[in-house]
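The values are calculated or read from the model by the stated rules, or taken from the named source; none is laboratory data. Fair warning: this is a prediction, and the values are worked out from it, not measured in the lab. Note that we place each Cβ from the backbone using ideal geometry, even for glycine, and neighbour counts take in every protein chain shown. The area values use the complete protein model at the heavy-atom level, side chains included, leaving out ligands, DNA and RNA. Shrake-Rupley method; radii C 1.70, N 1.55, O 1.52, S 1.80 Å.
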Amino acid sequence: MLSISARPYHWFDNEARPSEPEQAVIELTDIDTRLTGFAGSALRRAELLAARKRVYEALHPGSRHGGAPGRAGGGKTPRAERMGSAVRSHAADAAGRTGLSERSVRQLVQIAEDIPEPMRDLIRDTPLAWRQRALLEVARAFGDPEEQRRRLSTALGSAEVKDPPGT
């Protein structure tokens, strides 16, 4: 006869926990909800889209850019034939769900990925945080940190001092 203390504890664990993929889908839905009708700064939107991209590519590894098999000039098979069903890129999926263009999604993700966190912290409470084009110029100097700092100081100096939209 088994005593009560000999029963494994997991027998009593009736709490349903979402699996890792289910948790990722929940997180993706939460980010999509925050992005729908978003009225925040371009920098904050960029950070949300970069977080969305990380989750989306974890759920759909085939959506990542690059790594296509084959040789130059041919030998590649269409993605749909290799994978059974076509997986949309992150930019296409996010554009369809947020109302932004694919190009805007890619540019915003580039801003969040290519501007280092300490630099984004400096930008966050300035008028520059609302100017996507200026942020993109700073992000595009990613390979040269000195050039990126120069572009940031130029952009901060030229940023109009006014209240951001929606305040």
Q: Look at Glu81 and say whether it is at pLDDT 95 or above, more than 18 Å from the chain's Cα centre (by Cα) and not β-branched (Val, Ile, Thr).
A: no
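Residues being within 17 Å of the chain's Cα centre (by Cα) and either charged (D, E, K, R) or more than 17 Å from Ala51 (Cβ to Cβ) (or both): count how many of those fall in segment 88-128. So that I can check it myself, show each step before the final result.
Just the residues of segment 88-128 that are within 17 Å of the chain's Cα centre (by Cα), to begin with: 88-117, 120.
From what's left, either charged (D, E, K, R) or more than 17 Å from Ala51 (Cβ to Cβ) (or both): 88, 92-93, 96-97, 99, 101-103, 106, 113-114, 117, 120.
Final tally of qualifying residues: 14.
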Q: Filter segment 1-35 down to the residues that are modelled with pLDDT of 85 or more and polar (S, T, N, Q), then identify the one that is nearest to Asp121 (Cα to Cα).
A: Thr33
(Q) Being of a type outside the set (D, E, K, R) and buried (at least 19 other Cβ atoms within 10 Å of the Cβ) is the filter here; which residues of segment 36-49 pass it? (A) Ser41, Ala42, Leu43, Ala46, Leu48, Leu49
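Return yes or no: is Arg103 at pLDDT 95 or above, open to solvent by 70 Å² or more (accessible area, probe 1.4 Å) and more than 12 Å from Ala46 (Cα to Cα)? It would help to see each step written out before you state the result.
Details: at pLDDT 95 or above: yes; open to solvent by 70 Å² or more (accessible area, probe 1.4 Å): yes; more than 12 Å from Ala46 (Cα to Cα): yes.
So Arg103 fits the description; yes.
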Q. Quick one: is Val138 at pLDDT 95 or above, more than 26 Å from Leu28 (Cα to Cα) and assigned to a helix (DSSP H, G or I)?
A. yes
